[in-house]
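Encoded as structure tokens, the structure appears first; notes follow it.
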Amino acid sequence: MESCNYPGFLAHKAQHALFTKKMREIDGLHSKGCANTKDLVRYLVGWFTLHISHDDTAMGEFLLKNITRETSPLEFEIR
């Protein structure tokens, strides 16, 4: 994302950092026997549904339009 100059890179990275923080909090609660499984499932479904359907889709569309062999270390066929 960063090497392709994705304009939403910092916001996207921040979303993942918040997700990681939330998962660590839930893991800590689980270790103490205090985690609520319904809340965890609800959070994960929301995260994956909204994040993938909106944020990852927007990023993917940007990358498909803007990626070049010079900006990506991956070998692929440009459409």
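The values are calculated or read from the model by the stated rules, or taken from the named source; none is laboratory data. All figures in this text were calculated on a predicted structure; none of them were measured in a lab. Quick reminder, even Gly has a Cβ in these numbers, built from the backbone with ideal geometry, and neighbours come from all protein chains shown.
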**Request:** Select from the stretch 15-43 the residues that are hydrophobic (A, V, I, L, M, F, W, C) and surrounded by 12 or more Cβ atoms within 10 Å (Cβ to Cβ) and list them in ascending order.
**Result:** 19, 23, 26, 29, 35, 40
**Message:** Condition first: at pLDDT 85 or above and in contact with a Lys or Arg (Cβ under 9 Å, 6 or more places away or on another chain). Can you find one or more residues in the stretch 20-39 that meet it?
**Reply:** no
**Request:** Take residue 8 and decide whether it is small (Gly, Ala, Ser), surrounded by 11 or more Cβ atoms within 10 Å (Cβ to Cβ) and either touching a strand residue (DSSP E or B) at 6+ places or on another chain (Cβ under 8 Å) or in contact (Cβ under 8 Å) with a residue 12 or more places away in the chain (or both).
**Result:** yes
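Filter the stretch 44-74 for residues that are among the hydroxyl-bearing types (Ser, Thr, Tyr) and either exposed (fewer than 10 other Cβ atoms within 10 Å of the Cβ) or modelled with pLDDT of 85 or more (or both); which is nearest to residue 9 (Cα to Cα)? Break it down stepwise before answering.
The initial filter retains those residues of the stretch 44-74 that are among the hydroxyl-bearing types (Ser, Thr, Tyr), namely 49, 53, 57, 68, 71-72.
Narrowing further to those that are either exposed (fewer than 10 other Cβ atoms within 10 Å of the Cβ) or modelled with pLDDT of 85 or more (or both): 49, 53, 57, 68.
Details: 49: 19, 53: 17, 57: 13, 68: 17 Å.
The selected residue is 57.
Across the stretch 1-42, what is the total count of residues that are more than 14 Å from the chain's Cα centre (by Cα) and of a type outside the set (S, T, N, Q)? Talk me through it step by step, then tell me what you get.
We begin by selecting, within the stretch 1-42, every residue more than 14 Å from the chain's Cα centre (by Cα); these are 3-5, 7, 24-42.
Okay, now just the ones that are also of a type outside the set (S, T, N, Q), so 4, 7, 24-30, 32-35, 38-42.
Residues flagged as more than 14 Å from the chain's Cα centre (by Cα) and of a type outside the set (S, T, N, Q) within the stretch 1-42 amount to 18.
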